[in-house]
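A.B. asks: The structure follows.
Read the figures in this text as sums done on the coordinates, not as results from a lab. What you see is a predicted model, and the numbers here were worked out from it, not measured in a lab. Every residue, glycine as well, gets a Cβ built from its backbone with ideal geometry; the counts of neighbours run over all protein chains shown.
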Amino acid sequence: MDVKLAQCFIAVDDHDKALAFYRDVLGLEVHNDVEFEGMRWVTVGSPKQPGVEIVLEPPGANPDASPADRQAMAELLAKGMLRGVIFSTTDCDALYARVREHGGDVIQEPTDQHWGVRDCAFRDPAGNLLRFTERRAAE
């Protein structure tokens, strides 16, 4: 059996701001931009991983979500309480400088971690936590 990651989801409250960050700052490619029933879904991905996509979806987009559930999701997103993703990079410091140069919300500057990575963290325009890790060569 061959199991691979295909998509993960990140809730965003403003797709245009999210695109400006994920596409223009991080350099991800837009794969789809779809509107349905008054909501919008945008898929982005790295050109280095064509089979993996991040779906930027509205908070509470689940069709089974009640209006109260949708409101709760929007409130959690506004507080930065929803999970994001961890990206890998070959140059954590350069990525940090680029995101910071574009006004990224810095959570952690590049730091060497004892488990063998150098990483940094930001919040995207919707408040999702994003970490960027660079594997360090074994000493």
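A.B. asks: What's the magnitude of the charge dipole for the chain around its Cα centre, counting Lys and Arg as +1 and Asp and Glu as -1 at the beta-carbon? Answer in Debye, nearest 20.
C.D. replies: Here the size comes out at about 280 debye.
A.B. asks: Out of the DSSP beta bridges found with both residues in the chain, what percent are antiparallel (nearest 5)?
C.D. replies: Within the chain, antiparallel bridges account for around 75 percent of the total.
A.B. asks: Using Cα pairs closer than 8 Å and at least 6 residues apart in sequence, work out the relative contact order for the chain, in percent. If you can, show how the numbers build up before the last one.
C.D. replies: Numbers: 241 pairs, mean separation 31.2, N = 139.
This gives 22 percent for the chain.
A.B. asks: Now, a different point. Please give the peptides 64-75, 79-90 ranked by average Cβ packing (other Cβ atoms within 10 Å per residue), highest first, as a rough proxy for protection. Before the final figure, lay out each step's value.
C.D. replies: Details: 64-75: 12.3, 79-90: 14.2.
Highest mean packing first, the order is 79-90, 64-75.
A.B. asks: Sorted by mean Cβ packing within 10 Å, highest first, what order do the peptides 24-34, 52-62 take?
C.D. replies: Highest-to-lowest ranking by the protection proxy: 52-62, 24-34.
A.B. asks: Follow-up question, since we're still on this one. Output the 0 to 90 degree angle, nearest 10, between the alpha-carbon long axis of helix 92-101 and the longest principal axis computed from the alpha carbons of the chain.
C.D. replies: 50
A.B. asks: Just going by the charge dipole of the chain, with Lys and Arg at +1 and Asp and Glu at -1 on Cβ, which of PRO63, LEU26, THR111 is farthest out on the positive end?
C.D. replies: Farthest towards the positive end: THR111.
A.B. asks: Would you mind giving the average projected area, over all directions, of the Cα convex hull of the stretch 92-139 in nm² with one decimal?
C.D. replies: Details: hull surface 13.1 nm².
Taking a quarter of the hull surface, the average projection is 3.3 nm².
A.B. asks: Could you tell me whether the stretch 1-55 comes out rounded, prolate or oblate from its Cα gyration tensor? Rule is a ≥ b ≥ c as square roots of the eigenvalues, rounded for a/c under 1.5, then prolate if a/b exceeds b/c, otherwise oblate. List each step's numbers first, then the result.
C.D. replies: Values: a/c = 2.37, a/b = 1.36, b/c = 1.74.
Oblate is the answer for the stretch 1-55, as a/c is 1.5 or above yet b/c matches or exceeds a/b.
A.B. asks: Taking Cα atoms, how many degrees apart are the long axis of helix 67-78 and the longest axis of the chain, rounded to 10 and kept between 0 and 90?
C.D. replies: Tilt relative to the chain: about 30 degrees.
A.B. asks: Just how many % of Cα pairs in the chain lie over 22 Å apart, if you round to the nearest whole percent?
C.D. replies: 42
A.B. asks: Let me ask you something else. Just from its helices, what would the mean residue ellipticity at 222 nm be for the chain, if runs of 4 or more DSSP H residues each count -39500 (n - 2.57) and the sum is divided by every residue, rounded to the nearest 500 deg cm²/dmol?
C.D. replies: For the chain, the value works out to -5500 deg cm²/dmol.
A.B. asks: If the cut-off is 25 Å between C-alpha atoms, which lysines fall inside it for LYS48, apart from same-chain ones fewer than 8 positions away?
C.D. replies: Here the lysines satisfying the reach criterion relative to LYS48 are LYS4, LYS17.
A.B. asks: If r is the Cβ-Cβ distance from ALA72 to HIS31 and R0 is 41 Å, what FRET efficiency results, to the nearest 0.05? Working shown, then result.
C.D. replies: Values: r = 29 Å, r/R0 = 0.71.
Taking R0 as 41 Å, the efficiency between ALA72 and HIS31 is 0.90.
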